[in-house]
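Some notes on the structure that comes next.
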Amino acid sequence: MVEEILEKFREWIDNRHEYAKTWKERTGNKVVGYFCTYVPEEVLYAANILPVRILGSHEPPTITEPYIFAMYCHLCRDCLAQGLKGRFSYLDGIVEGQSCLHLRQAFNAWRLHIPIDYAHYIHVPHGVQTPRAVPYLTQEIAKFKQSIEKWTGKTITNEDLDRGINVLNRNRDLMRKVYEYRKLDNPKITGLEAMEMVLSSQMVDKEEHNKLLEQMLEELPYRKLDREPGVRLMIVGSEDDDRVFMKNVENLGATFVIDEHCTGSRYFWTDIEPREDRLMAVASRYVYRVPCPSKDWPEFTRIKHAVNLAEQFKAQGALVIQNKFCDPHGIEIPPLREALRSVGVHTYPLEFDVTVPWGQFRTRVEAFLETLTGLEELF
Amino acid sequence: MTEEKTQECWKWPEYRHTMPEMDWHDAKIVTAGVDVGSVGSKTVIMVDGELYACSVMRTGGVSEETALKVTNWALEGTGLEIKDIHYVVGTGYGRVNVPFAKRTITEIACHARGAHYIYGPTVRTVLDIGGQDCKAIRCDEKGKVLSFLMNDKCAAGTGRGLEVFADLISVPIQEVGKVSLSVDQEPQPVSNTCVIFAKAEALALLRQGWLKERVAAAYHAAMADRIVDLLTRVGVEKDLVTTGGVAKNVGVVQRLERLLGVKPLSPRMDPILAGAIGAALFAKALQEKELGLR
Amino acid sequence: MSEETKEYPTEPLKCWDEAKNLRRNYYEDYLTAHEKGGLRWAGGAWTFSAVLAGLGEDVYGITSEPYGATIAFFKDFAAQCHDATEAAGFPRTLCAYMRNYWGSILLDKYILADGTIVNGFPTPDFIWQDHICCSHAKWYQVVKWLERKKGKEVPMYCVDVSVGYALEPVEEYKVNYIVQQLSDGIDWLEKATGRRYDDKLLCEAVWNEIKTSSLWAKICALNQAVPAPIDEKSMYSLYVIGTLMKHKPECVAFYERLKEEIKDRIRRGIAAVPYERFRVITDTQPPWGFLKIFREMEKYGAVSLGSLYTFGLIGTWEYRRDGTWAPKPLPPKKPKTREEALWAMVKWTLNKPEWAHFYQPELKTKMMTSIVKQWNVDAVLLHYNRGCEGLSLHIAENRLGLLEAGIPVFPFEGNMGDEREFDFTGTMARLAAFFESMSLKKLKE
Amino acid sequence: MIAAGVDVGAKFVKVVILSDGKVLGRAKAPVGFDVWRSSSDLFENALKSAGLSRRDVGKGVVTGMGRKTIRLRPPINADEAVSEVIADAAGAFQLVPTVKTVIDVGAEEGRGIKVDQGGKVKDFVINERCAAGAGTFVEAMARALEVSVEDMGPLALKSTKTIPMNAQCCVFAESEVVTLIHSKVAKEDVAKAIHDAIASRISSMVLRVGVERDVVLIGGVALNPGFVVPLKRELRVDVILPEYPEFVSALGAALIATNI
């Protein structure tokens, strides 16, 4: 049962484009692609629009060369490549919620070179630690709501917004519940499975996703993984949807028990607190959520959060991943490693690119695991 | 130039060796370490934790065959056969392709352990310059890894880089290091980090009429710089030692010495064997564990 | 070259030494601030430095990008800084200025404008920064972190300005978002420094800052003359004053004098380079360690008149009704109150051309195209600058846009602050090929 | 008039002798350290093969990355040296007057050149660091694979598998190759992955200037079918292969000499 559900998640990821196309035909509604998790999907759900995250395919993004200088991260180039190759041809619009320069570039290149009916950029504030951010973002989101209304010709009521808020909050709550089972000495799901759960929730109708999560949570307590958990690992850093890497590492006698990145827990960790002013409620969530490092200053709140996760989920070691050229995460590597080290969590940094050179990484990861388990008895 | 090329200067000599005064017949534990590297493969046979026989050869296209070949070569004339070996540990890039190995351990752990054996317990920093990558390893007095770093993506500071270069200036790889030291004044290091571009740059220098020696110096200086970058990132603690093929290249080692102000210890045996030695030592420990001796 | 090329008279700038002194004193004042009983602040070249004027005359700053560039200019020290930063575990792909700056802290060494290296990096008393690219605030967040490791607590305030850019005035609520942060910031400054804040000084400083950026634009506009009175290489030493002290009266006075001198050069037909046959503009910061590329260009009779970067980093411009791109005239009246001052400054600053391409490549292309037309430019040299994620943003789009407008473009990769990423020989070979393709041959020496 | 073009490349010197636009002789030899010796010897050979002597040659133009490093003597003189970009365009235009895009892939360098109807260079791109030329790459990989360089291309064509390699840096790619070898991927598949990687690297570079038909592929690597096939696929256009792709640059130089 759990297995079938996990299989379904995998299937959704592998056939994401077919899913979106059929969803469109079935509902007759619009599908919008978004680049960063700072896009308030609540508003889109309120407008009966299906938001799907634009992600790469991990093939060398040759065709982006004329549009994006290769000193920007592979994610933004790989995303654009998908568009240029026409894989997202079914999209009615694209939206970006301001985070890093890289994805902004993917958004602009898309807007300029790929025929699209609707493109909107939300200037999500960077100063999320200032008291002025919430009222400002509330107005930015109001502007976004108006442009959606103009585009669809339908007004978005408070009831609509509540529907959107509820389906996202529900999804967040359920996925957090699943994560609880990763705290166990013998986790009920692997890191790869957890990643596939979160990834699929960024690709399909959350109503459907929630149904499966509910079923899964009934069965999960009785699930027994036929594998030794081995070393308990955390994976923390830049956007990461590299399932091959997760699988390979977990085959080396380790299990990822927690993650901190925007295709994992960072995406769903924070709920919306209900308020009379719905838009302000939404704005507050995106201001106070677990931040992307690009917005996390002057205090390193994300690092504190990552340390808490590492402790709660009893991680022995952490792989600190940075997508090559991802400055927001790159800048935080030393403070992050220091903070994790201070609570006894050893770390190892890995620089990810569009494809991960497993041969080299295998040696590093294995050696890192050896230093954690110590090969003690052999000295 | 063309006939010079056929000399294949990049080819470093393969060899095997048996310790004459040693005998395995009354040994308690015979172990082997097989280090299938990206460029070279090495096997070390140990009797009761002492080096007995070893062999070094180039890694072939099929690593299983190489593993078998290099090991049988090490055993050649000793009367031992693979089946007689109590425990075999595989390491190196191709460690998973050593069919007769009971277990694999990474070259990081093995090089630290091997360096400890070759250079003694004062070793704290191990620099392994292999064919394809360069590792800086910090270890404790037992030869246990504390932390490590591997070079990222740039092979200019590696054996492969040297091979390409040796070929270019047609000086046998064993001698490029010495040649690079025969300049009275150190030139600017070649600026490029990429092997191909570094080579192109070196070629340009040669064509401007630079002497091989001077070009070699510029290239080795660049290699040393790159390696120091890596070392400073893990932090150098005395004693520093070098392992791997390039450890035999005086041009690199002496420059490292100059740049770091630390004199690397001199090895009591071929440092290219460090990985295999470490593996063989781990094999001994593992065998003892199986026999309940530890 | 058989055909005769006209030779123009040239002569060094009279303002040269003044610029040098202003720059030298700037770094020394920061160093010796405490001896003068003053305060030290650190922040970016784009930060709202005028706000700090309200704390008194004796508040001495060091702006991060120019400092990073100063380091870059002295290659050996720059290399030490990179190594130190990489040794501390930071990736080498980060902003090169930032890595230089951190390296200087990690090495605990401070470099003066003339390259003199002083032991001990002078810790700022507080940080006053703004944030538009991914690095601005993070830069100082790490500075704070590094100083804390040395046992020093440096209070930090940072203003988020990432509200976007539009050629027409931006929405009030966006301006308001920034103004509110600034007035919060003033309260914060009073607490952090224990000083009383003087709004009169603020109004003066804001007015100076506006004048500075309007003046600099006027100076750049003078370079439309043929032959060009100054080349970009000289501009670097002149616009930098604005990046250091745009809100100070000295800066306004200096630019006034400079403007007059340039007018005079034009009157007397004094050129920047003796043989001007080919006019180019560049883009983004240059590889500071290799300004000799401009000398190389002169050998072909090519002169760089500047760039959107040198024009727009400090200069403020606008589109006139007739469609021409021109220096933005001063606002109707000088601000009288704190509120007025902050609003005036924010509205003015949000028109900074260099902020456009953070959001819309089309706008940057439009401005570059205008420069090409109005300054009689023959080609654009785009520096794909690996050292600056911010200013290289969308640069590939600008290349496409310029080509579409029929403007020859020569893109070259490099790094403003990390010489390891700039291949001088290779680039010069490619540039030669480009000039050849423009049928431009080397002049006889 | 009889004109000569000398192309001093990274690995080979090539010479073309022209008589009023007709090719009289062609010659090619590896570059020694004494570039001047090797190139002038070759020059003599080329003349001999055309039954001529230096005296018969009216003008000569030298090109190629080594052009500055060779000592020149009449009929070839220094200030007539032209960059590869110009020579490539001239040569390709002569052979294919409809050419709009020239792709030149040599041992160390790759180039993409856009030309107008008159064969004049409109825009061009040359690989910058960390995107090294294909020739040396294939060599290094051939060594890793224990296959002769000549067999690499044909071997690659045997495979239908696609293994993505992030080969921005070819040496980094080599470790990926070694990994593939160790994980027992068939040699032909690895060979294909290698050629695909080069093709994607070159095409991503050429795409910067834009690909407009007709596209002409020149340079030594054009002789390697294992590279041509994936390149066509990546660029999504057909490419024209002239008969002597490695001589086009030298031909261009000779043509320029003719027109001086």
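Just to confirm the filter: which trypsin sites (Lys or Arg not before Pro) across the stretch C:314-396 are DSSP coil and have at most 12 other Cβ within 10 angstrom of their Cβ?
C:Arg320, C:Arg321, C:Lys333, C:Lys336
From helices alone, chain B scores -12000 deg cm²/dmol at 222 nm; the rule is -39500 (n - 2.57) for each run of n ≥ 4 DSSP H residues, then divide by the residue total.
Ordering of C:144-153, B:201-210, A:111-120, A:54-63 by packing is A:54-63, B:201-210, A:111-120, C:144-153, highest average first (other Cβ atoms within 10 Å, averaged per residue).
Volume of the convex hull of the stretch B:123-264 (Cα atoms only), normalised per residue: 91 Å³. Orientation-averaged projection of the stretch A:238-330 equals 7.3 nm² [convex hull of Cα atoms, one quarter of hull surface area].
Think of the stretch A:40-121 as a dipole: +1 on every Lys or Arg Cβ, -1 on every Asp or Glu Cβ, centred on the Cα centre; then among A:Pro61, A:Tyr121, A:Leu101, A:Pro61 lies furthest on the positive end.
The translational diffusion coefficient of the stretch A:14-157, from Stokes-Einstein at 37 °C and 0.692 mPa s with a Kirkwood hydrodynamic radius over alpha carbon pairs, comes to 207 µm²/s.
Taking the longest Cα principal axis of chain C as reference, the axis of helix C:232-245 is set at about 10 degrees.
In angstrom, the C-alpha Rg and Dmax of the protein assembly as shown are 32.4, 102. Quote the FRET efficiency, to the nearest 0.05, computed for C:Lys75 versus C:Glu318 with a Förster distance R0 of 45 Å and r equal to the Cβ-Cβ distance. Using R0 = 45 Å, I get an efficiency of 0.70.
Axis of helix D:35-49 versus longest Cα principal axis of chain D: the two differ by about 70°, to the nearest ten degrees. Using equal-weight Cα scatterers in the Debye expression, the normalised intensity of the stretch C:123-252 in log10 at q = 0.20 Å⁻¹ is -1.35. Loop-located GluC sites (Glu not before Pro) across the stretch A:271-379 with a Cβ neighbour count of 10 or fewer within 10 Å are A:Glu276, with loop assigned by DSSP. With K and R counted +1 and D and E -1, the other residues having a Cβ less than 12 Å from that of A:Tyr348 yield a net charge of 0. Restriction of the trypsin sites (Lys or Arg not before Pro) in the stretch C:401-445 to DSSP coil positions whose beta-carbon has at most 11 other beta-carbons within 10 angstrom yields C:Lys444.
For the stretch B:81-135, the fraction of C-alpha pairs more than 16 angstrom apart is 52%. The calculated P(r) of chain C, using every Cα pair and 20 Å bins from 0, goes 25, 59, 15, 0 in percent. A Förster radius of 41 Å combined with the Cβ-Cβ distance from D:Met1 to C:Lys373 puts the calculated FRET efficiency at roughly 0.40.
Taking every C-alpha pair closer than 8 Å and separated by at least 6 residues, the mean separation divided by the residue count of the stretch C:312-425 gives a relative contact order of 22 percent. Only Cα sites of chain B enter the Debye sum here, all with the same form factor; the resulting log10 I(q)/I(0) across q = 0.15 1/Å is -1.09, listed in q order. The P(r) of the stretch D:97-241 has a tail past 27 Å containing 19 percent of all C-alpha pairs. Within the shell of other residues whose beta carbon sits under 10 angstrom from the beta carbon of B:Val88, the net charge comes to +2, with Lys and Arg scored +1 and Asp and Glu -1. Measuring between alpha carbons in the structure, the pairs from C:Lys218/C:Lys248; B:Lys28/B:Lys102; A:Lys304/C:Lys138; B:Lys42/B:Lys263; A:Lys8/A:Lys324; C:Lys259/C:Lys442 lying more than 21 angstrom apart are B:Lys42/B:Lys263; A:Lys8/A:Lys324; C:Lys259/C:Lys442.
Relative to the longest principal axis of the Cα atoms of chain C, helix C:75-87 runs at roughly 50 degrees.
A simple spin-label model places pseudo-atoms 7 Å from Cα toward Cβ; at C:Lys200 and C:Glu18 they are separated by 2.7 nm.
The label point for D:Arg54 and the one for D:Lys22, both projected 7 Å from the Cα toward the Cβ, are 2.7 nm apart.
Once the Cα-Cα distance is subtracted from the 0.36 nm per residue extended length, the A:Glu208 to A:Lys143 segment shows a gain of 20.5 nm.
Could you line up A:Cys73, C:Cys251 from fewest to most neighbouring Cβ atoms inside 10 Å?
Starting with the residue having the fewest Cβ neighbours, the order is C:Cys251, A:Cys73.
Would you mind computing the Rg to Rh ratio of the stretch B:45-104 from its alpha-carbon coordinates, Kirkwood style for Rh?
That ratio equals 0.93.
For the pair the stretch A:117-171 and the stretch C:30-100, the centres of their Cα atoms are 38 angstrom apart. For A:Lys24 and C:Glu168, a Förster radius of 41 Å and the Cβ-Cβ distance give a FRET efficiency of 0.65, rounded to the nearest 0.05. Inter-part distance, the stretch B:200-278 to the stretch D:195-255, computed on C-alpha centroids, equals 39 Å. One way to sum up the overall shape of the stretch A:58-109 is the equivalent ellipsoid from its Cα gyration tensor, whose semi-axes run 16, 15, 8 Å, largest first. A full extension of the chain between A:Arg223 and A:Asn166 corresponds to an added length of 17.7 nm, given 0.36 nm per residue minus the alpha carbon distance. Over the stretch B:185-294, all Cα pairs binned in 10 Å intervals from 0 give whole-percent P(r) values of 13, 33, 28, 16, 7, 4, 1, listed from short to long. The fewest-to-most ranking of B:Asp225, A:Asp240 by surrounding Cβ atoms within 10 Å reads B:Asp225, A:Asp240. Please grab the % of Cα pairs in the stretch D:200-260 that end up more than 15 Å from each other. Taking all Cα-Cα pairs of the stretch D:200-260, the fraction more than 15 Å apart is 54 percent. Measuring nothing but alpha carbons in chain A and taking Rh as the Kirkwood radius, the Rg to Rh ratio lands at 0.95.
Bear in mind these aren't lab numbers, they're just calculated from the coordinates by the rules spelled out. The structure displayed is predicted, hence computed values, not measured ones. Using ideal geometry, Cβ is built from the backbone for each residue, glycine included, and neighbour counts are taken over all protein chains shown.
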